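S.K.: Mind having a look at this structure? Questions to follow.
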Amino acid sequence: MPEHYKALQGFRDILPDEQPYWRFVEETAAAVAHLYGYKRIETPLLEDTAIYRRTAGEGTDIVDKEMYSFDDRPDKDGKSDNIALRPEGTAGVVRAYLEHGMFKLPQPVKLYYMSTPMFRRDKPQAGRYREHHQFGCEALGESDPAIDAEMIGLLYQVYMQLGLRHIRVHLNSIGDRNCRPQYIETLRDYYRPLLSTCCEDCQVRFYKNPLRLLDCKEAQDQPKIENAPKIADSLCEPCREHFAAVQRYLTNYGVPFSLNSLLVRGLDYYTRTVFEFTSERDKNALNGGGRYDGLAEILGGQPTPGIGFGMGMERIILEMKRQGVTPPVEEHTHAFVVALGKTAEVKDATVQLVADLRHSGIKAEMSYGDRGFKAQMKQVKSSSADYALLLGEDELAQGLVTVKDQRSNEAGMEAQQVQIKREEIVDYLKEY
Ligand SMILES: [Zn+2]
Ligand SMILES: [Zn+2]
């Protein structure tokens with residue numbers, strides 16, 4: 001027996017049964033994004049690895065261990081580019097914003113992407129895949145706190161319209177290049193005498209990425225984190241005002257939020273607002289986002305404020321299932337055309353009728369492979385079609401179609417049967 005191919009480890013097919021969830025999330029999220037004035041953008045799956053090295057951070061796991069990057073085949077001059085599969089969505093969008101001069105457009109430029117594949121070479125484990133898909137929004141060129149609140153409000157509205165419950169927003173401000181360096185010094189001063197009792201990771205974080213000390217999950221470091229100086233107490237006046245305004249505007253949007261001084265981002269270009277969505281009393285982290293006013297400069301652009309989030313669609317669909325949220329059922333077959341007899345005339349007329357129905361926007365099916373009457377009626381039943389349309393020599397001779405109402409059949413009654421003129425069948429089906 002030949003060996004069968006399988007999807008690669010950590011990758012999976014999204015089968016038809018799963019698609020109603022995807023369609024529901026896609027349609028809901030796109031509708032809300034449009035409502036808020038966001039326009040769709042999609043960027044290439046492959047980019048110069050350098051943009052991720054610069055933005056995702058050299059020395060982070062994403063770049064060093066988890067990114068799919070490789071040397072492309074050399075061109076004629078023997079040069080080859082190092083390219084990478086997209087590990088996250090923001091860098092490509094900001095690259096496109098700069099490349100296409102979108103900074104010359106009226107600001108802010110508000111963009112979203114949908115079902116966009118992202119790749120990370122994680123260790124395969126339950127519920128984690130090496131390819132996942134995101135819905136994400138980015139607003140570029142504006143630092144007004146109303147944008148921060150709008151973006152969080154947009155995402156909250158998506159969750160509400162998906163029917164998710166117990167959604168909470170955690171909010172923090174991590175300051176800017178004006179006030180954060182001072183906070184980091186304060187944090188280091190606090191940690192320095194405790195360092196020898198910290199976990200190994202924190203010993204490294206202290207030097208490389210001190211904000212992430214607040215992220216540590218090790219039990220031994222939790223009391224240290226609890227008593228650590230809060231960044232909110234170190235914000236400069238403009239950051240303080242910005243943060244206060246974000247909170248007021250979130251109230252305008254009716255978004256319930258709580259302040260969480262431990263919510264941080266490790267990279268320098270992140271500024272001010274950070275947020276995270278959770279559900280079920282914070283048991284499940286759903287997604288997060290934040291402001292990245294320093295990112296465009298890293299990619300060679302002028303200083304450009306920006307804010308965004310990415311939402312993992314697999315994770316949201318998992319949460320919908322957990323909460324018992326089901327997507328709307330897809331439209332079922334309205335009419336199933338049954339061929340009575342196996343002559344070429346009947347078959348031609350069957351194909352013609354199905355074609356006419358579909359051209360008129362009626363969801364129609366037929367049986368293939370010249371099955372017998374009983375077998376076709378079985379298919380009608382399993383398709384849950386509203387009507388079976390019977391077409392045989394007699395109907396052809398009289399210019400009629402026999403219409404069996406399957407719904408009356410389902411109710412345990414004898415299927416009601418009428419004959420309708422062939423040229424009136426589309427109108428009849430549209431009416432009933
Ligand atoms: Zn630690
Ligand atoms: Zn500041």
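Derivation of every value follows stated rules applied to the coordinates shown; laboratory data play no part. Computed from a predicted model, the values in this text were never measured in an experiment. Positions of Cβ are backbone-derived with ideal geometry, glycine not excepted, and every protein chain shown enters the neighbour counts.
S.K.: Compute the angle between helix 180-191 and the longest alpha-carbon principal axis of the chain, please, reported from 0 to 90 degrees and rounded to the nearest 10.
M.R.: Compared with the principal axis, the helix lies near 70 degrees.
S.K.: Here is a follow-up. Mind checking the angle between helix 145-161 and the chain's longest principal axis? C-alpha axes, 0 to 90 degrees, to the nearest 10.
M.R.: That works out to roughly 40 degrees.
S.K.: Same structure, new question: Return the sequence-ordered ³J(HN,Hα) values of region 309-315 in whole Hz as given by the Karplus equation 6.51 cos²θ - 1.76 cosθ + 1.60 applied to θ = phi - 60°, using x for Gly and Pro.
M.R.: These are the phi-based 3J(HN,Hα) values: 8, x, 10, x, 6, 4, 5 Hz.
S.K.: Rank ALA232, HIS132, ILE167 by how far each Cα sits towards the positive end of the charge dipole of the chain (+1 on Lys, Arg Cβ; -1 on Asp, Glu Cβ) and give me just the farthest.
M.R.: ALA232
S.K.: I need the calculated FRET efficiency for the pair ALA355 and THR326, taking r as the beta carbon distance and R₀ as 41 Å, to the nearest 0.05. Provide the component values of the computation, followed by the final result.
M.R.: Values: r = 33 Å, r/R0 = 0.81.
About 0.80, to the nearest 0.05.
S.K.: Let's see if you can work this out: charge +1 on each Lys and Arg Cβ, -1 on each Asp and Glu Cβ, no other charges. What is the dipole magnitude of the chain about its Cα centre, in debye to the nearest 20?
M.R.: Values: 55 positive and 65 negative charges, 186 e Å.
Taking the Cα centre of the chain as origin, the dipole is about 900 debye.
S.K.: Please give me the summed charge of the neighbours of GLU314: other residues whose Cβ is under 12 Å from its Cβ, Lys and Arg +1, Asp and Glu -1. It would help to have the intermediate numbers written out before the result.
M.R.: Numbers: positive: ARG12, ARG128, ARG130, ARG315, LYS321; negative: GLU18, GLU131, GLU319.
Overall, the nearby charge balance is +2.
S.K.: What do you get for GluC sites (Glu not before Pro) in region 205-278 restricted to DSSP loop and a cutoff of at most 13 other Cβ within 10 Å of the site's Cβ? Present the calculation step by step, with values, prior to reporting the outcome.
M.R.: Numbers: sites: GLU218, GLU226, GLU241, GLU276; in loops: GLU218.
Here the sparse-neighbourhood loop sites are GLU218.
S.K.: Kindly provide the pair-distance distribution of region 155-303 built from C-alpha pairs, with 5 Å bins from 0 and whole-percent values in order of increasing distance.
M.R.: Binned Cα distances yield the sequence 2, 9, 17, 19, 18, 16, 11, 6, 2, 0.
S.K.: May I pose another question? Using alpha carbon coordinates only, what is the Rg to Rh ratio of the chain, with Rh defined as the Kirkwood radius?
M.R.: Computed over Cα atoms, the ratio is 1.12.
S.K.: About the Cα centre, and with charges only on the beta carbon of Lys, Arg (+1) and Asp, Glu (-1), how big is the dipole of region 335-431? Nearest 20 debye, please.
M.R.: Numbers: 13 positive and 16 negative charges, 85 e Å.
Taking the Cα centre of region 335-431 as origin, the dipole is about 400 debye.
S.K.: I've got another one for you. Hey, if you put +1 on the Cβ of every Lys and Arg and -1 on every Asp and Glu Cβ in the chain, which of LEU211, ILE316, ASN287 ends up farthest toward the positive end of that dipole?
M.R.: LEU211
S.K.: For region 217-244 and region 373-392, write down the distance between their C-alpha centroids in whole Å.
M.R.: Cα centroid to Cα centroid, the span is 66 Å.
S.K.: Given points 7 Å out from each Cα along the Cα-Cβ axis, report the ASP427 to LYS347 separation in nanometres with one decimal.
M.R.: According to this spin-label approximation, the distance is 3.3 nm.
S.K.: Taking loop as defined by DSSP and a crowding limit of 11 other beta carbons within 10 Å, which chymotrypsin sites (Phe, Trp or Tyr not before Pro) in region 336-385 fit? Working shown, then result.
M.R.: On the way: sites: PHE336, TYR368, PHE373; in loops: TYR368.
Passing sites in region 336-385 are TYR368.
S.K.: At a Förster radius of 51 Å, what calculated FRET efficiency corresponds to the Cβ-Cβ distance of LYS208 and ALA245, to the nearest 0.05? Before the final figure, lay out each step's value.
M.R.: Working: r = 33 Å, r/R0 = 0.64.
Using R0 = 51 Å, I get an efficiency of 0.95.
S.K.: Show which lysines lie in cross-link reach of LYS224 when reach means a straight Cα distance below 27 angstrom and same-chain residues fewer than eight apart are skipped.
M.R.: Straight-distance partners of LYS224: LYS208, LYS283.
S.K.: So, with +1 on the Cβ of K and R and -1 on the Cβ of D and E, and no other charges, what is the size of the charge dipole of region 360-406 about its Cα centre, to the nearest 20 debye? Please report the intermediate quantities before stating the final value.
M.R.: Numbers: 6 positive and 7 negative charges, 60 e Å.
In debye, rounded to 20, region 360-406 gives about 280.
S.K.: Can you figure out the FRET efficiency of LEU267 with LYS374, using R₀ = 45 Å and their beta-carbon distance, to the nearest 0.05?
M.R.: Working from the Cβ atoms, E equals 0.10.
S.K.: Across bins of 5 angstrom width beginning at 0, how are the C-alpha pair distances of region 335-431 distributed, in whole percent?
M.R.: Taking all Cα pairs of region 335-431, the binned fractions are 3, 14, 26, 28, 20, 8, 1, 0 percent.
S.K.: What are the trypsin sites (Lys or Arg not before Pro) within region 157-190 that DSSP puts in a loop, where the Cβ has at most 15 other Cβ atoms within 10 Å?
M.R.: Values: sites: ARG165, ARG168, ARG177, ARG188; in loops: ARG165, ARG177.
Taking region 157-190 and a limit of 15 other Cβ atoms within 10 Å, the loop trypsin sites (Lys or Arg not before Pro) found are ARG165, ARG177.
S.K.: Continuing with the same structure: How much net charge surrounds LEU98 when only the other residues with a Cβ under 15 Å from the Cβ of LEU98 are counted, with Lys and Arg +1 and Asp and Glu -1? It would help to have the intermediate numbers written out before the result.
M.R.: Working: positive: ARG54, ARG95, LYS104; negative: GLU47, ASP48, GLU99, GLU138, ASP293, GLU297.
After counting each charged neighbour, the total is -3.
S.K.: Could I ask something else about it? Subtracting the Cα-Cα distance from 0.36 nm times the residue separation, let me have the gained length for GLN419 to ARG128 in nm, one decimal. Write out the running numbers ahead of the final one.
M.R.: Values: separation 291, 0.36 × 291 = 104.76 nm, distance 5.57 nm.
The GLN419-ARG128 span can extend by a further 99.2 nm.
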